[in-house]
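Report on the structure given below.
The values are calculated or read from the model by the stated rules, or taken from the named source; none is laboratory data. Just so you know, these numbers come straight off a predicted model, no measurement behind them. Cβ sites come from the backbone with ideal geometry, for glycine too, and all protein chains shown count toward neighbours.
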């Protein structure tokens, strides 16, 4: 397995905002982290960079696979990737810096600053935009792609204005009454970019540079440009019927993602940013706390919460703050555990490894650092009768059920008629997912018949369901 590893631990020194080498090794954790990542990135395919920090010291930092397929250059952890929606965390912090300076207030209407918006935006607050509760519609729909096609040559020449895309958002109906629900909205964060510009008097990228990048010496973090030469930038790829191809979207202006997903960064810079934020380097405690005060969203798999620019959840019973990002063949996953002062970031240019794949890797690593690792399952083959005894409907409370469905020699779960998720047997009474770190065990009665299912969630919570048939 070809990969680049930095064997010695290094310290994050915020006084100098630099990564510097120091002594000592944590071989056990390093080997476990290496095993998690090496299994997912082939040496001759696009790869990933990773950083793991505990108590301001970098305990693991490395690269897997190739940064450039044509030149055969391996991934190094100092290289620069698109980070997609992890941009939203930077945008949210920029807004909070302006709040702290008195230029904005979280609960004022956005039309107080962007008066050209339609009158109905009088009911949309800055807090709602930051927390995805504004009702502003998603932008990545058919009109967005029609505009990309219409203005293709202008996008290639970096001549498209942000307002061209804003018009696609602000003249459409809200998805719901502002403040009444939660729906993840790139369109809302696109608007926040314009708000930052109006309140600061600077272009979005320039304000972030002055307020965040330069003070923290984030030398690899910047707004995406399709025409600038960026030292250390990793090229992106798409998967075309099992073959990697150069990513044609790399030729398009950063305005297509803007404040919702338009930044480049490195794992080193992401670690500096997150530790500086939680160390009080960017905001006072009140405004930092506001970022991590959640709104709640219900998913089929449990409760996920979103604050202002960050998801908030639980991992093995511990609080986590996180965000991911997918942008034209690039993928990012970033987790911070406040109680352990631990941070994990993975950036990838492999189009076959989306955030759906990176997130379980990052969670496994975070749990390792917290001293409570997840079990690693190995699939086994069950006889048809062993599979059949698990099949059935299991009731979760008064209004929800989870089915276990056997289809030939494969087995699936489905909650409340939703999509089927394949599970794999680890034993005759244990099933595990590859897309999640949750797993299922089954309990028998005195006659040996299956009567209960227990979903052991990656959050640390258990959900018991009684078998109906």
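Before moving on, here are some points about what is shown:
- In the set 69, 5, 98, only one residue is at pLDDT 95 or above, surrounded by fewer than 24 Cβ atoms within 10 Å (Cβ to Cβ) and in contact with a helix residue (DSSP H, G or I) (Cβ under 8 Å, 6 or more places away or on another chain); that residue is 98.
- Listed conditions (1) over 24 Å from residue 335 (Cβ atoms); (2) in a helix (DSSP H, G or I); (3) in contact with a helix residue (DSSP H, G or I) (Cβ under 9 Å, 6 or more places away or on another chain) are all met by residue 368, apart from (1).
- Test result for residue 403, touching a helix residue (DSSP H, G or I) at 6+ places or on another chain (Cβ under 8 Å) and outside the structural domain of residue 314 (by TED's automatic domain parsing): no
- If you go through the stretch 291-315 and keep only what is modelled with pLDDT under 95 and on the phi > 0 side of the Ramachandran plot, you end up with just 302.
- Index of the failed condition, residue 114 passing every other in (1) part of a loop (DSSP other than H, G, I, E, B); (2) closer than 19 Å to residue 234 by Cβ: (2)
- In the stretch 159-174, the residues that are closer than 22 Å to residue 90 by Cβ and surrounded by 15 or more Cβ atoms within 10 Å (Cβ to Cβ): 160, 162, 165, 166, 169
- Here residue 376 fits the description: out of contact with any strand residue (DSSP E or B) (no Cβ under 8 Å at 6 or more places or on another chain) and either surrounded by fewer than 21 Cβ atoms within 10 Å (Cβ to Cβ) or not assigned by TED's automatic domain parsing to the domain that holds residue 271 (or both).
- Index of the failed condition, residue 466 passing every other in (1) under 30 Å from residue 36 (Cβ atoms); (2) touching a residue at least 60 places away in the same chain (Cβ under 8 Å); (3) surrounded by fewer than 16 Cβ atoms within 10 Å (Cβ to Cβ): (1)
- Residue check for residue 357: surrounded by fewer than 24 Cβ atoms within 10 Å (Cβ to Cβ) and either closer than 18 Å to residue 84 by Cβ or assigned by TED's automatic domain parsing to the domain that holds residue 437 (or both): yes
- Qualifying positions in the stretch 107-127 - closer than 16 Å to residue 287 by Cα and touching a residue at least 60 places away in the same chain (Cβ under 8 Å): 126, 127
- Test: residue 224 is within 24 Å of the chain's Cα centre (by Cα), more than 21 Å from residue 88 (Cα to Cα) and either touching a residue at least 60 places away in the same chain (Cβ under 8 Å) or surrounded by fewer than 16 Cβ atoms within 10 Å (Cβ to Cβ) (or both): no
- In the set 381, 413, 393, only one residue is over 22 Å from residue 315 (Cβ atoms) and part of a strand (DSSP E or B); that residue is 393.
- Test: residue in the stretch 175-191 that is closer than 27 Å to residue 150 by Cβ, surrounded by 16 or more Cβ atoms within 10 Å (Cβ to Cβ) and touching a strand residue (DSSP E or B) at 6+ places or on another chain (Cβ under 6 Å): no
Residue-by-condition table, conditions (1) in contact with a strand residue (DSSP E or B) (Cβ under 9 Å, 6 or more places away or on another chain); (2) at pLDDT below 95:
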residue: 213; (1), (2): yes, no
residue: 216; (1), (2): no, no
residue: 225; (1), (2): yes, yes
residue: 229; (1), (2): no, yes
residue: 234; (1), (2): yes, no
residue: 257; (1), (2): yes, yes
residue: 265; (1), (2): yes, no
residue: 275; (1), (2): yes, no
residue: 283; (1), (2): no, no
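- Of residues in the stretch 255-287 being part of a helix (DSSP H, G or I) and free of Cβ contacts under 8 Å to residues at least 60 places away in the same chain, the one surrounded by the most Cβ atoms within 10 Å (Cβ to Cβ): 269
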